[in-house]
1. Can you give me the number of residues within the stretch 26-52 that are more than 15 Å from Pro247 (Cα to Cα) and either more than 24 Å from the chain's Cα centre (by Cα) or surrounded by 13 or more Cβ atoms within 10 Å (Cβ to Cβ) (or both)?
2. Looking at Thr196, Thr176, Thr189, can you tell me which residue is surrounded by 12 or more Cβ atoms within 10 Å (Cβ to Cβ) and β-branched (Val, Ile, Thr)?
3. Conditions first: (1) outside any helix (DSSP H, G or I); (2) under 27 Å from the mean Cα position of the chain (by Cα). Leu56 passes all but one, so which condition is the exception?
4. Restricted to the stretch 211-243, and to residues that are aromatic (Phe, Trp, Tyr) and under 13 Å from the mean Cα position of the chain (by Cα), which residue is surrounded by the most Cβ atoms within 10 Å (Cβ to Cβ)?
Amino acid sequence: MALPSYASPFERFWYYAFRVICALIFFFLMAPILIMIPLSFNAEPYFTFSQKMLTLNPEGYSLRWYAELFSSDSWMRSIRNSFLIGIASTVLATTLGTLAALGLSRAHMPFKGLIMGILISPMVVPLIISAAGMFFFFSSINLAQTFLGVVLAHTALGTPFVVITVTATLVGFDHTLTRAAAGLGAPPTTVFRRVTMPLILPGVISGALFAFITSFDEIVIVLFIAGVEQRTIPREMWSGIREQISPTILAAATILVMISVALLTVVELLRRRSERLRGIAPR
């Protein structure tokens, strides 16, 4: 938005100063990532820029660490585990979170605040406490060091994101549409499938993407619950940092960043589409 012609000198100063401050904060947050990405193409086995890289010599750059990443059995197993666990936990979290949000959207839902607080508690409780509690609980029912245990733990972490995004979508939902469909004789399943779901779908997909990102990047709970066969990409990176320093970790981290950026871009596009459908943003 451009400044109006009647803006005072102070307003003009703050207009540009605010943007400079935001740019500096953004650079401060992004600088570690911006440094890590080019280092993943380093031809030397170091975590620093070589002289050839600084002089932009093509010999200083290489894809050897990406080749090593995709040729390593341990890394490929961790990539497969991350996707399998992430997809399974996302499906469960999306289903449970959507159902919970639909229930909480009802006007006469008893103890709505208490239930919402319980559902989003995994976002509030420190992750180390949640991981320790899940470890003792899953150990007592023989689910520690199993794929099912890791999936259920990640489901608990991802469900709050689905609840929040779907609940935010339902804030502007016109319930007269569902009552009209029911009045015309449509059964509840048809009302949900043909009326409710298409309108809340952007929020559901956004919550699912957040749940997937949470599972894909999670490390603390995996350290407590997962065994050798359930190692994910963050767990493999943690082991690599402790046991064998290799720039392959930078290649894996770069891929994680690219996946996160792509998913967050989709989330933003879905948010804008949801606003257009609800009449908040201009078409």
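Bear in mind that the values in this text are calculations on the coordinates, not laboratory data. All figures in this text were calculated on a predicted structure; none of them were measured in a lab. Neighbour counts are summed over all protein chains in view; Cβ atoms, including those assigned to glycine, are modelled from backbone coordinates with ideal geometry.
1. Of the residues in that region, 2 qualify.
2. Details: Thr176 fails: surrounded by 12 or more Cβ atoms within 10 Å (Cβ to Cβ); Thr189 fails: surrounded by 12 or more Cβ atoms within 10 Å (Cβ to Cβ).
After applying the criteria, what remains is Thr196.
3. (2)
4. Start the filter on the stretch 211-243 by keeping residues that are aromatic (Phe, Trp, Tyr), which leaves 212, 216, 224, 238.
Narrowing the set further to residues that are under 13 Å from the mean Cα position of the chain (by Cα) leaves 212, 216.
Working: Phe212: 25, Phe216: 22.
Once the filter is applied, the top-ranked residue is Phe212.
So that you can scan it fast, the table gives a plain yes or no per residue for (1) of a type outside the set (D, E, K, R); (2) touching a residue at least 24 places away in the same chain (Cβ under 8 Å); (3) exposed (fewer than 15 other Cβ atoms within 10 Å of the Cβ):
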position	(1), (2), (3)
Tyr66	yes, yes, no
Trp75	yes, yes, no
Ser78	yes, yes, no
Ser89	yes, yes, no
Thr95	yes, no, no
Leu102	yes, yes, no
His108	yes, no, yes
Gly117	yes, no, yes
Ile128	yes, yes, yes
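Residue-by-condition table, conditions (1) of a type in the set (S, T, N, Q); (2) free of Cβ contacts under 8 Å to residues at least 60 places away in the same chain:
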position	(1), (2)
Leu201	no, yes
Glu218	no, no
Ser246	yes, no
Ser260	yes, yes
